[in-house]
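Worksheet for the structure shown next.
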Amino acid sequence: MMIHRPVLDHYPAARPPGAPFAPSFAPWESVGGVAGLRFRRLGWMHDPRGCLVEIARESNVGTLAQAYITTTRRDVIKGFHLHITPSGGYDNREAQTDRFVPLGGVTLFVFYDLRSGKDGRFHEVVADATRDTFLIEVPPGVAHGWIAIGNTESVVLNVPSLEYTGEQERRCSPHGPVEPNGPRYEWRRNRDG
C-alpha cells in the first residue's frame, strides 16, 4: 500500500543532536458527548528524508497490548460489536478499549453507547485517510462498526488495550437494533458530500 503525502516546499528545523525528543499530540476531542469516545488528530513530522506520524505512546493512551491492521472492501459493513468484562459489564480496567487509526480509504465509523446514562443515538465519524490522520478511542460498552464509503477499500490499524481473545466481545447485527427495542442504523442512506 502506498500512502501519498503532499510535497512540502520547506522543512521544519531539525532537532539538534542530543536534544530530547518531544512528541506533539493534538488535544483529544469528544465524539457526540459520549463519555470516553474521543479522537485526536495526528500530525505528520516532515524532513528531507520523508515523514513520520506517531500514533500512540503508553504515556498518553495507556496500555498497548496488541496491534493489527484490518481492511474493509467498499460498501462492506463490519460491526456492530463491543467489548465487555468477563461478568458482562463495561469497566475500563477489565474490558478492552479499541484505538483505531484509519490508514487508507474513506471510512464511516458508527458508535452507539450501551452504558447507563446513554443518549440512545448513533454517532458518526467520517475518516478520510487521504486528507487527515486520526486516532479514535472507543471505550468498553460503546458498540461500534464501520463501512468503507470511498472508491477503494479502507485500511484501519487497531492498537487495543488488551489482547483479543474473543471471550470479551459481544456482536450485534449491523442491520438490527444494537439493543432490544433500540433504533436501527441506516447504513445505505444517502449522504451529503
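Summary table below
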item: Extension gain (nm, one decimal) between ILE69 and GLU167, 0.36 nm per residue minus Cα-Cα; result: 33.3 nm
item: Cα centre as origin, Lys/Arg/Asp/Glu Cβ charges: the range 23-152 dipole, Debye; result: 140
item: Peptides ranked, highest mean first, by Cβ atoms within 10 Å: ranges 135-148, 175-188; result: 135-148, 175-188
item: Share of carbon and sulfur in the accessible heavy-atom surface of the range 141-183 [1.4 Å probe, %]; result: 48
item: Trypsin sites (Lys or Arg not before Pro) within the range 47-106, DSSP loop, no more than 15 other Cβ atoms inside 10 Å; result: ARG49, ARG57, ARG73, ARG93
item: In Å, descending, principal axis extents of the Cα set of the range 95-190; result: 37, 35, 22
item: If the convex hull is drawn through the Cα atoms of the range 26-144, its volume per residue in Å³; result: 129
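The values are calculated or read from the model by the stated rules, or taken from the named source; none is laboratory data. If you're wondering where the values come from, they're calculated on a predicted model, not measured in any experiment. Here Cβ is always computed from backbone atoms with ideal geometry, including for glycine, and neighbour counts include all displayed protein chains. Surface accessibility is based on the protein's heavy atoms, side chains included, excluding ligands, DNA and RNA. Shrake-Rupley method; radii C 1.70, N 1.55, O 1.52, S 1.80 Å.
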